[in-house]
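Right, one structure below, let's go through it.
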Amino acid sequence: MTSLSHFLFLFLFSFFLLTSLASSSTSLSNEIFEIFESSGSAGRALLQTKKSCSVEFEFQNYTILTSQCKGPQFPPVACCNGFKDFACPFADALNDMASDCAMVMFNYINIYGNYPPGLFANMCREGKLGLDCPIVHEATNNTKLT
């Protein structure tokens, strides 16, 4: 299992490095979904090696997502657009596979939205580089809940 964890880490790191060098546009990497989905089985040691996220996701305003993506139907277009509206301002932090940002963000999304596990990973796919993000500024979504 240790060699699998090392292989997974090296693969994700290499893929992230190559995609970040090959792409000049901003995107949310598909790996953010894979890291979240596999976090329960990746092993404790792998999770402990991650650096803490620089974004305080616990204080973000999730209304932009939860107002668009509602169950029980969870319409794919509305949910994926809402997810991108929320997550794209944090693309750089989320795509940093050395941090726990993606895992932390998905935990808070599931707390605030009560979404089924894997909802966004299963619905929101746009291409091999991940979700295309329009040019956004992190400050636009960096508002605290009161």
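The values are calculated or read from the model by the stated rules, or taken from the named source; none is laboratory data. Small disclaimer: the values here were computed from a predicted structure and weren't measured. Counting neighbours? That spans all protein chains shown, and the Cβs are built from the backbone with ideal geometry, glycine included.
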*asked:* Checking the condition over 14 Å from the mean Cα position of the chain (by Cα) and touching a residue at least 24 places away in the same chain (Cβ under 8 Å), which residue from Phe106, Phe90, Phe59, Phe86 passes?
replied: Phe59
*Do the conditions hold for Gly82, that is, is it of a type in the set (Gly, Ala, Ser) and surrounded by fewer than 22 Cβ atoms within 10 Å (Cβ to Cβ)?*
no
_segment 100-129: number of residues that are of a type in the set (Phe, Trp, Tyr) and within 14 Å of Lys50 (Cβ to Cβ)_ = 1
*Return the total of residues in segment 86-102 being of a type outside the set (Gly, Ala, Ser), in a helix (DSSP H, G or I) and surrounded by 19 or more Cβ atoms within 10 Å (Cβ to Cβ).*
6
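Yes or no, residue by residue, for (1) surrounded by fewer than 20 Cβ atoms within 10 Å (Cβ to Cβ); (2) at pLDDT 95 or above; (3) of a type in the set (A, V, I, L, M); (4) within 20 Å of Thr26 (Cα to Cα):
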| site | (1), (2), (3), (4) |
| --- | --- |
| Ala45 | yes, no, yes, no |
| Glu56 | yes, yes, no, no |
| Asn61 | yes, yes, no, no |
| Gln68 | yes, yes, no, no |
| Asn107 | yes, no, no, no |
| Asn114 | yes, no, no, no |
| Lys144 | yes, no, no, no |
_Of everything in segment 67-117, what is within 24 Å of Leu129 (Cβ to Cβ), among the polar types (S, T, N, Q) and in contact with a Leu (Cβ under 9 Å, 6 or more places away or on another chain)? Give them in sequence order._
Asn95
